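What follows is one structure encoded as structure tokens, with my remarks underneath.
The values are calculated or read from the model by the stated rules, or taken from the named source; none is laboratory data. Everything numeric in this text was worked out from a predicted model, so none of it was measured. Please note: Cβ atoms are built from the backbone with ideal geometry, for glycine as well, and neighbour counts cover all protein chains shown. Calculation scope for accessible area: heavy atoms of the full protein, side chains included, ligands and nucleic acids excluded. Shrake-Rupley method; radii C 1.70, N 1.55, O 1.52, S 1.80 Å.
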Amino acid sequence: MILISKYIVPKGYTGITIFPFVFLKDKSLKSNMVLINHEKIHLRQQLELLILPFYIIYGIEFLVRLIQYRNWYTAYINISFERESYRNQANFSYLKNRKVWSFLKYLRTHDF
């Protein structure tokens, strides 16, 4: 379910997925199919990790990347969940062919 909320979406971001919802900053973003696909990939990641572990792993990996890169944005885009989503957001058939726990192969891939 897609909802619009400029208060839930952090400053500097256009959307956030908190299972089972996708929050977008602005109503016009509903027509951005690449963004919607990006967020749907996050929904799948959250489901396969039974939701709560996703957020724990996401937070831990963000902290590790923040120490590694010493830059908030660089740390964010190098989280394995984000790497998978960004690299496949324009592939609209990705979720049909995606294997379970595909984000794991993005743990050691090259940085953005």
Exercise for the section: Starting from one equal scatterer on each C-alpha and no solvent at all, send me the Debye-based log10 I(q)/I(0) for region 44-105 at q = 0.12 Å⁻¹, two decimals. Expected result: -0.31
Exercise for the section: Mind sorting out which of [x] 2, 13, 26, 26, 20, 9, 2, 1, 0; [y] 2, 12, 21, 25, 22, 13, 4, 0; [z] 2, 13, 18, 21, 19, 14, 8, 4, 2, 0 is the real P(r) over Cα pairs in 5 Å bins from 0, in percent computed from the coordinates? Expected result: [y]
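With the full set of protein chains in place, find how many percent of the accessible area of the chain is carbon and sulfur; take the probe as 1.4 Å. Kindly include the intermediate steps, with their values, before the conclusion.
On the way: 4660 of 7080 Å².
That share works out to 66 percent.
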Completion exercise
The lysines whose Cα lies under 17 Å from the Cα of LYS6, excluding any fewer than 8 residues away in the same chain, are LYS25, LYS27, LYS30
Practice task
Using the Kyte-Doolittle scale, find the helices of the chain whose mean hydropathy is at least 0.0 and whose Cα atoms extend 18 Å or more along the helix's long axis, counting only whole DSSP H runs.
Solution key: 52-69
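Per residue of the chain, what 222 nm ellipticity follows from adding -39500 (n - 2.57) for every DSSP H run with n ≥ 4, rounded to the nearest 500? Intermediate values should be presented prior to the final figure.
Numbers: 5 runs with 53 residues, N = 112.
Taken over the chain, the calculation gives -14000 deg cm²/dmol.
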Practice task
Can you work out the accessible area per residue across the chain, with the rest of the protein chains kept in place, probe 1.4 Å, in square angstrom?
Solution key: 63
Practice task
Compare the peptides 49-55, 73-79 by average per-residue count of other Cβ atoms within 10 angstrom and give them in order, highest first.
Solution key: 73-79, 49-55
Handout entry: Packing-based ranking, highest mean first, of 8-19, 80-91 given that Cβ atoms within 10 Å are counted
Key = 80-91, 8-19
